[in-house]
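Taking it in order: structure first as structure tokens, then the write-up.
The values are calculated or read from the model by the stated rules, or taken from the named source; none is laboratory data. For clarity, every value in this text was computed on a predicted model and none was experimentally measured. Cβ placement follows ideal geometry from the backbone for every residue including glycine, while neighbour counts extend to all protein chains displayed. Protein only, heavy atoms only, side chains kept; ligands, DNA and RNA dropped before computing areas. Shrake-Rupley method; radii C 1.70, N 1.55, O 1.52, S 1.80 Å.
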Amino acid sequence: LIAVDTVYLNGEYLPRSEARVPVDDRGFLFADGVYEVTPAYGGRFFRLRRHLDRLKAGLCALRIDYDGAGVEELHHRLVELNGLGKEEVCTVYLQVTRGVAPRTHHFPPQPVTPTVYAFARAFRRPPRERWEQGFSAISHPDRRWARCDLKTVGLLPNVLAQQAAVEAGVQDAILVKDGMALEGAHNNLFAVFGETVATHPASNQILNGITREYVLELARGMGYRVEERPVPVEQLRFASELFFTGTTTEVRPTVEVDGWKIGDGKVGPVTRAIHHAFLDGVRQETRGQEREAAAYG
Ligand SMILES: Cc1ncc(COP(=O)(O)O)c(C=O)c1O
């Protein structure tokens, strides 16, 4: 029998409806925490190590003392317990907050145990026909703080930008600061100019996506010229293609921004080739993992 919607909270697996966090959790009071979302293809994680390294870097920057013991195991267990091993794609969300303490801005003077919460869920890709039509985006002011490289749970500006996209009837928001198109509200932005693929450098102004890194590897390997540079928002109109990347975005073509057609308004050949390479590469890399496990098992 498969238990449905089992979550992980502080060392325990329990039904979501029974999971409780105290009201003085600093995640609730201050958004004092970090998170990760890691995909599994056919139940096998894609670059889990990379996701956990990014989490560790975030914890270190925020000085949250979490040793990460058993964190890989809990990813596998959640997929298993929720019967998601056969899903084409599912994701595991993991959040670590500083913990529970009487409210003060500064860290609790006595060390506290971090709160660790995780859940798994299936991820539904848009149908192929929908992908083929291409997607739309709006530009939106980037109102975030100066450490966007940290994946903190403080996502209010991202939430408001994504809501603006929803209200405009489009799928994505392009965050713009000082005239530069930085990234999406929950994904990274790539602009294609002929055979050149450009994306914002991995600075403090964006979250360096694991998908972004992978797509850069793929694009270089495919022989495209790759430029990691700030892209002025007014250059987007002259791009031949645009696409977003992310764990729950994969590779998503954008054919219209603020009502302007990008290129000929159709999904372009570079996006198509990279998307193809991405799906292929992810399948291969996750399958390879299985062989490795079998070899040692
Ligand atoms: C602001 C932002 N940029 C980019 C990404 C993409 O990162 P990844 O490819 O690791 O999912 C995310 C993912 O949630 C994000 O929130």
Original post:
Does anyone have the angle between helix 156-167 and the longest principal axis of the chain? Alpha-carbon axes, 0 to 90°, nearest 10?
Top reply: 50
**OP:** Just check the stretch 13-171 against the gyration tensor rule for me: Cα atoms, a ≥ b ≥ c as the square roots of the eigenvalues, rounded for a/c under 1.5, and otherwise prolate or oblate depending on whether a/b exceeds b/c.
**Re:** oblate
**OP:** Using just the alpha carbons, could you tell me how many Å³ per residue the convex hull of the chain encloses?
**Re:** 144
**OP:** Sort the stretch 198-297 into rounded, prolate or oblate with this rule: let a ≥ b ≥ c be the square roots of the eigenvalues of the Cα gyration tensor; rounded if a/c is under 1.5, and if a/c is not under 1.5, prolate when a/b is larger than b/c, oblate otherwise.
**Re:** prolate
Subject >> Residue-normalised accessible area of the stretch 62-175, expressed per residue, 1.4 Å probe, Å² >> reply: 54
Original post:
Modelled label-to-label distance, Asp178 and Arg128, 7 Å Cα→beta-carbon offset: nm?
Top reply: 4.5
**OP:** Could you work out how far helix 210-221 tilts from the main Cα principal axis of the chain, as a 0 to 90 degree angle to the nearest 10?
**Re:** 40
Subject >> Cα→Cβ-extended label distance, 7 Å offset, between Asn10 and Gln284, nm >> reply: 4.6
Subject >> Relative contact order, percent, the chain [alpha-carbon distance under 8 Å, six or more residues apart] >> reply: 17
Original post:
Using alpha carbon centroids, what distance separates the stretch 20-52 and the stretch 76-125, in Å?
Top reply: 4
Original post:
Counting Lys +1, Arg +1, Asp -1, Glu -1, what net charge surrounds Ile174 among other residues with beta carbon under 10 Å of its beta carbon?
Top reply: -4
**OP:** Starting from the stretch 43-75, pick out the trypsin sites (Lys or Arg not before Pro) whose DSSP state is loop and whose Cβ has at most 11 other Cβ atoms within 10 Å.
**Re:** Arg63
**OP:** First select every other residue whose beta carbon is under 13 angstrom from the beta carbon of Val37; then total the charges, Lys and Arg +1, Asp and Glu -1.
**Re:** +3
**OP:** Pop out the carbon and sulfur fraction of the accessible area of the stretch 108-245 as a percent, whole number, probe 1.4 Å.
**Re:** 55
Original post:
Under a point-charge model restricted to the Cβ atoms of Lys and Arg (+1) and Asp and Glu (-1), what is the dipole moment magnitude of the chain relative to its Cα centre, in debye to the nearest 20?
Top reply: 60
Subject >> Phi to ³J(HN,Hα) by Karplus 6.51 cos²θ - 1.76 cosθ + 1.60 over the stretch 223-231, Hz, x for Gly, Pro >> reply: x, 6, 7, 10, 10, 9, 8, x, 10
**OP:** Using only Cα atoms, tell me the angle between helix 71-81 and the longest principal axis of the chain; keep it within 0 to 90° and round to the nearest 10.
**Re:** 90
Original post:
Around Glu183, which amide H atoms from residues at least 5 apart in sequence, or from another chain, sit under 5 Å from its own amide H, with H modelled in the peptide plane?
Top reply: Leu175
